[in-house]
1. With ILE166, ILE142 as the choices, which residue is within 24 Å of PRO244 (Cα to Cα), at pLDDT below 95 and open to solvent by less than 20 Å² (accessible area, probe 1.4 Å)?
2. Which one is farthest from PRO163 (Cα to Cα), of the residues in segment 7-39 that are of a type in the set (Val, Ile, Thr) and open to solvent by 20 Å² or more (accessible area, probe 1.4 Å)?
3. Of the conditions (1) assigned to a strand (DSSP E or B); (2) among the aliphatic types (A, V, I, L, M); (3) more than 20 Å from the chain's Cα centre (by Cα), LEU137 fails just one. Which one is it?
4. Only one of ARG183, ARG178 is at pLDDT 95 or above and more than 15 Å from the chain's Cα centre (by Cα); which?
5. If you take the residues in segment 225-258 that are at pLDDT below 95, assigned to a strand (DSSP E or B) and aliphatic (A, V, I, L, M), which one is nearest to ALA206 (Cα to Cα)?
6. Going residue by residue through segment 281-289, is there one that turns out to be open to solvent by less than 60 Å² (accessible area, probe 1.4 Å), over 28 Å from ASP196 (Cβ atoms), modelled with pLDDT of 95 or more and touching a Pro at 6+ places or on another chain (Cβ under 8 Å)?
7. Show the residue pairs meeting these rules: Cβ distance below 7 Å; 6+ apart or different chains; first residue within segment 96-116 and over 13 Å from GLY74 (Cβ atoms); second residue open to solvent by 30 Å² or more (accessible area, probe 1.4 Å) and among the acidic types (Asp, Glu).
8. Just checking, does segment 230-238 include any residue being free of Cβ contacts under 8 Å to residues at least 60 places away in the same chain, crowded, with 16+ Cβ neighbours inside 10 Å and over 30 Å from VAL63 (Cα atoms)?
Amino acid sequence: MTRETNGPSAMERLLATLDLEPIEVDIFRGRSPQAGWQRVFGGQVIGQALMAAQRTIEAERFVHSLHAYFMRPGDPSVPIIYQVERIRDGSSFNTRRVVAIQHGKAIFALSASFQVEEAGFDHQIAMPEVAMPEELLGEQQIKEQYLAHAPDAIRKYWERERPIEIRPVSLTHYFSDRKLDPRQDVWVRATGPVPDDRLYQAAVLAYLSDMTLLDTSLYAHGTSIFDQSLQVASLDHSMWFHRPCKLDDWLLYTQDSPSASGARGLTRGSLFTRTGVLIASVAQEGLIRKKANE
């Protein structure tokens, strides 16, 4: 995994992607990195739409939840226009709706709610006991030990430079067709500095929240998103932001899939800091369908 000397890192490119261009009141233009993907990564659209909404909110109010629908695949070769609608500005809460448009059609819609920070009851579930990231294989070790004979799709996924590094607690799913319990634990970390700015921290967290979720819903069926006989795509995505986090260390993304039916799979996720603080919860339903000609 290499990049040109003095060229931007993957994280720097992500931050530039999240830095939307204002083109009118409550209208923003977002661009996609030219990384060779046929579709725009869903996490990018979530992060950009959230950033658009955040830029219409007063500075002392922060996102606490978002709910989104993916309607059409994004085209990475052209800009995405984000239109923000100011649904409500209350004394404690603000609501925004964002529609992402390409080629004259909506490809994505997001609703987000923002709140003035205030004190209140405080509890959380416990982080599961898993191996710490330093005890697991890093991406370079995974490449050296496993990728030489891995399928092309898996090899390309791991060899591409990304703004988020992932360290799965178990690698069995990537190299086996065994039917496993529909849950996984993955450590995730930004590969470069994230600004000490809660708008960017929330947008980067939203970006990484879309990683690995669909795959968890396939564990019980002995397959993965790299299976060329499958059609997989995110359908909707919800996220709740519980506590702020600077994103300067590893996070544990623990996931489980309670159900798959009707060509759809549901996955829930919890994001914890290394010290066990729950910072966000996620739920996503995705399309998991056998292609018609298979």
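The values are calculated or read from the model by the stated rules, or taken from the named source; none is laboratory data. Here the structure is a predicted model, which is why all the values come from computation and not from measurement. Every residue, glycine as well, gets a Cβ built from its backbone with ideal geometry; the counts of neighbours run over all protein chains shown. Note: accessible area is taken over every heavy atom of the protein model, side chains too, but ligands, DNA and RNA are not part of it. Shrake-Rupley method; radii C 1.70, N 1.55, O 1.52, S 1.80 Å.
1. Details: ILE142 fails: within 24 Å of PRO244 (Cα to Cα).
Matching residue, one of ILE166, ILE142: ILE166.
2. We begin by selecting, within segment 7-39, every residue of a type in the set (Val, Ile, Thr); these are 17, 23, 25, 27.
Add one more test, that the residue is open to solvent by 20 Å² or more (accessible area, probe 1.4 Å), and what stays is 23, 25, 27.
Numbers: ILE23: 27, VAL25: 30, ILE27: 26 Å.
Out of the qualifying residues, it is VAL25.
3. Answer for LEU137: the failing condition is (1).
4. Values: ARG178 fails: at pLDDT 95 or above.
Only one candidate qualifies: ARG183.
5. Checked segment 225-258; the qualifying residue nearest to ALA206 (Cα to Cα) is ALA233.
6. No, every residue in segment 281-289 fails to be open to solvent by less than 60 Å² (accessible area, probe 1.4 Å), over 28 Å from ASP196 (Cβ atoms), modelled with pLDDT of 95 or more and touching a Pro at 6+ places or on another chain (Cβ under 8 Å).
7. Pairs found: ARG96/GLU85; ARG97/GLU85; VAL116/GLU60.
8. Within segment 230-238, the first condition is being free of Cβ contacts under 8 Å to residues at least 60 places away in the same chain, and the residues that meet it are 232.
From the residues that got through so far, the ones that are crowded, with 16+ Cβ neighbours inside 10 Å too are 232.
In the following step, the residues that additionally are over 30 Å from VAL63 (Cα atoms) were identified as none.
No, the conditions are met nowhere in segment 230-238.
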